[in-house]
Every structure is written in structure tokens, then in C-alpha cells.
1. Kindly list, by first and then second residue, each pair from a residue in region 47-65 that is within 12 Å of Gln92 (Cβ to Cβ) to a residue that is part of a loop (DSSP other than H, G, I, E, B) and not basic (Lys, Arg), limited to pairs with Cβ atoms under 7 Å and residues at least 6 apart or on different chains.
2. Out of (1) assigned to a loop (DSSP other than H, G, I, E, B); (2) under 23 Å from the mean Cα position of the chain (by Cα), the odd one out for Gln127 is which?
3. Can you find a residue in region 304-311 that is crowded, with 20+ Cβ neighbours inside 10 Å, assigned to a helix (DSSP H, G or I) and in the same structural domain as Leu252 (by TED's automatic domain parsing)?
4. Which one of the conditions (1) more than 18 Å from Tyr135 (Cβ to Cβ); (2) surrounded by fewer than 17 Cβ atoms within 10 Å (Cβ to Cβ) does Ala91 fail to meet, given that it meets all the rest?
5. Based on what the data block shows, is Val398 closer than 30 Å to Leu283 by Cβ, β-branched (Val, Ile, Thr), in contact with a strand residue (DSSP E or B) (Cβ under 8 Å, 6 or more places away or on another chain) and buried (at least 18 other Cβ atoms within 10 Å of the Cβ)?
6. Taking interchain pairs and intrachain pairs at least six residues apart, which have beta carbon atoms under 8 angstrom, with the first residue in region 403-422 and modelled with pLDDT under 75 and the second in a loop (DSSP other than H, G, I, E, B) and among the charged types (D, E, K, R)?
7. Please go through region 237-257 and pick out each residue that is within 13 Å of Val278 (Cβ to Cβ) and among the hydroxyl-bearing types (Ser, Thr, Tyr).
8. Take the residues of region 96-122 that are of a type in the set (D, E, K, R) and touching a residue at least 40 places away in the same chain (Cβ under 8 Å): which is nearest to Asp57 (Cα to Cα)?
Amino acid sequence: MSLIDRSFREKILLVGVAVGRMDLDQVEDDLDELALLVDTAGAEVVGRVTQRRDRPDPATFIGSGKAEEVARLAEMLDVDTVVFDEELTPAQQRNLERLFGRTAIDRTAVILDIFAQNARTASGKAQVELALLNYRLPRLKGKGHSLSQQVGRIGTRGPGETKLEEDRRQLQDRISHLRRELVALDKNSRVQRKSRVRSRAASVSIVGYTNAGKSTLLNSLTDAGVLTEDRLFATLDPRTRRLDLPGGESVLLSDTVGFIRKLPHQLVVSFKSTLDVVAESDLLLHVVDASSAQMLEQITAVREVLAEIGANEVPEVMVFNKVDLLCGASEVTETAAKLAVEAGPSHFAAISATQGWGLSDLLEELSKALRRRARLFEIIVPFDRGDILAVLHREGEVISQRESDDGVKTIVRLDSNSLGSVRSFVGEHIEIRRVDSEY
């Protein structure tokens, strides 16, 4: 179901449940975020219900008594849809809709709806549609499936394929088609990423909670002209721009889809090719909304998604954004230190992407973080191989070089990409020795 297919704003009733030892205050915070999601989807929240349970009810999630209470409130408020903050099973959804006499959906359906609205590229649209179909397939409704007979051999003949089975088959065919389409698109993306690797520029991905200011930061650093709006999931399709750092080196900076608590697994799976950009990055800029009361919870949610996509080992710089809502320009450094103590990152910067505060400090921290990725090597270059010296200066950062009995003793800082290029150029007869411990 789409929340914006009508010309009017649908009226929504929210339901949140504190399961086990979960705090009711956390449920209220989650419902506040769900209300923002509903508003982004184009509907209007007119009420909310909370409940505490030891465990979810298998039939209705909230139990029959509470479900009847919600049904009466929905009738009184004349709501169109009841939205649950937790994911409902297909059986729970059917039971609730039968009891309510109106649509019941969950947080996952709302997020998928927003993604469907915001996808722009062919890849983005295909990924969102695949996630939607995988979500809807087990939720197909129909009658007569017990009479189903899809083959015509003896003992199997019957009334033929039901409408439900026909719908299911069409969805499965469409899912297979989309998967093939995404494989083809992914191959093209990988070719583009390989060409970027050959450019020797480090890849840096901007990640963070939705609406933390990732696209605004990309625009501030590169004049990318990416759409920025003060709403959730305004950007789905990744954008990559070249960024020149103060030391003269260049990086490829990519904006990515925002994360959120309880990000639907269907989206993580469907957006695998997009999220591979993050997992294959050399460095992450983890943008945090420093003005949010849920800052720490949002940091945790982002790191959980990073772990799910295999990007939790990629080095990161924490970027505390929107500090203009907390302090003045002269207090940015002091505020950054306080936020770092609270959040616990080892490498950080505080900025206001809209005001331009702290961007120079961020670029310096980015340069330092990239240099930390590199390692120091000693290479003795024969006197007649000036071409090798030129490659070392081009591919790495030459710390020192002096003449020795065997040639020019060069200490150079190289990352993994540059090291591979240098090894293939100089050949096995020239020794490349790690010397990090000596410098």
C-alpha cells in the first residue's frame, strides 16, 4: 500500500509496544521518529497508542483486548490506516485488518513507501521495487488456495490456478527479472569502480543517519549540486565527486543512502550493490546530527547497519554536523571535544555544513586519516632509474631520499593501491622493505 496515492492526506494512528524490559520513553522516541516517517510519506498522524508486553502476541502482536481498544479508537478518530512501529508478520497483519476493518501496516511498509517515492535512477528504482515485492509476496491475500492445482497429471487435476496463485507467480517472475537487471547494473557499477581504483584516488564514503546532513556536506565540499531537503531519505542514489585536499592529493567522495533504526532487511539486501560502495571504501565520514537528542542511539544504529553490510572494519572519521544549533562559530572546537567525549570516537571534527564552520578542520582530519592508512617503505633505487623515483613521487609521499653505495635510498609512504603499482613497476629485483617501526 502506498501512503500517498490519494489526493488527500491519510489519517494515521500509530501503535508502539515496549516488549520485555524496553523503556516506554524509548517507545515514545521511536513513535516520534515514526511520525516523521509518516509525514515524509505524505500522511498525517492523528493519534498514538502505547502498550507494555512481556512478549508479542502471535496472532495480533498487541493481544486481542488491546486490539479491540485500538479498533474503537481508530473508529472514533476515523483513521484510514493503523501503523505499527514493529514489523508485523503476514498473519498478524491479516488478523488486525479483519479486526480493525481498515488497513494495518508496519514501519517497514512506511519506509519502503518513502524509498519508492524518492528513487530516481534506474538502479534505485529497481532496488526499491525488488524490496517492495519481497515484502509483499508473503502478504498476498486471496481465496481458494486450498483448491490449488498447478499441474495436470493424474491425481493433480482440479479447478486450475487461482487468482492468488496467479498474482504470486507474476510477483515471482517480476522478482527474478529485477534480480537479473540488478546483476547487469551491478556489473556496470563495478567497472566504473575499477576505473576509479586505477585512478589511484582514495575512495571516501559519507554515511550517517537519515537527515544528518550528508548531502549538504557533499555540496559544501564539492559544489555537487545534490538535492538537499529537511526530510528523511531525501537522497537514495549515490553521487560521487572529486575532492582536492589541502595537501594536494585528491579523493573520490561519495554520498550514500541514509540509515535509520530498524532499517528493513529487504532494503539492505536489495541495495547491496549500492551499499558495496561503502564496504569497499578506504575511509568513512560518519556524519552525525549533533543537535539530536538521540545522537548516541543514531550512532549505534548506523554502526549496526555498517556491520550488516560488512563495512564495520573500514576506518571512520566522526563528523558532528549542525553544531550551529548548539553553539557559535568561536565555540566549535570546544563543542567538538565535548561531543567526542560523549560519543567516544578517536578521530572527529565538528562542523556546520550549512554555515561552513569547521570544514577546513574536517579536511585536515580527513588528510590525516588517509595518511594513517598508508605505510612507510624503504626502497633503494639504482642511480640509473630516475623513472622509478618519478613513480614514487607520483604514487606516494616521499619522506626522504639520500644517496647510498647501492643507489638512492628512498623512504616513501604508500597505500595498498600505490604499493601494488610500484611493485609491478620496479620488479622483484628491487627490494621494498617496511620501515614503519623506525619512523
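The values are calculated or read from the model by the stated rules, or taken from the named source; none is laboratory data. Keep in mind it's a predicted model, so treat the numbers as computed, not measured. Quick reminder, even Gly has a Cβ in these numbers, built from the backbone with ideal geometry, and neighbours come from all protein chains shown.
1. Going by the 7 Å Cβ cut-off, the qualifying pairs are Asp57/Gly63; Phe61/Glu86; Phe61/Leu88.
2. All conditions pass for Gln127, except number (1).
3. Yes: one or more hits.
4. Failed condition: (1).
5. Working: closer than 30 Å to Leu283 by Cβ: yes; β-branched (Val, Ile, Thr): yes; in contact with a strand residue (DSSP E or B) (Cβ under 8 Å, 6 or more places away or on another chain): yes; buried (at least 18 other Cβ atoms within 10 Å of the Cβ): no.
Criteria not met by Val398.
6. Asp415/Asp282; Asn417/Arg200; Ser418/Arg200; Ser421/Arg200
7. Thr240, Ser254, Thr256
8. Kept after step one, since they are of a type in the set (D, E, K, R), are these residues of region 96-122: 97-98, 102, 106-107, 113, 120.
With touching a residue at least 40 places away in the same chain (Cβ under 8 Å) added as a condition, the list becomes 107, 113, 120.
Numbers: Arg107: 18, Asp113: 26, Arg120: 39 Å.
That would be Arg107.
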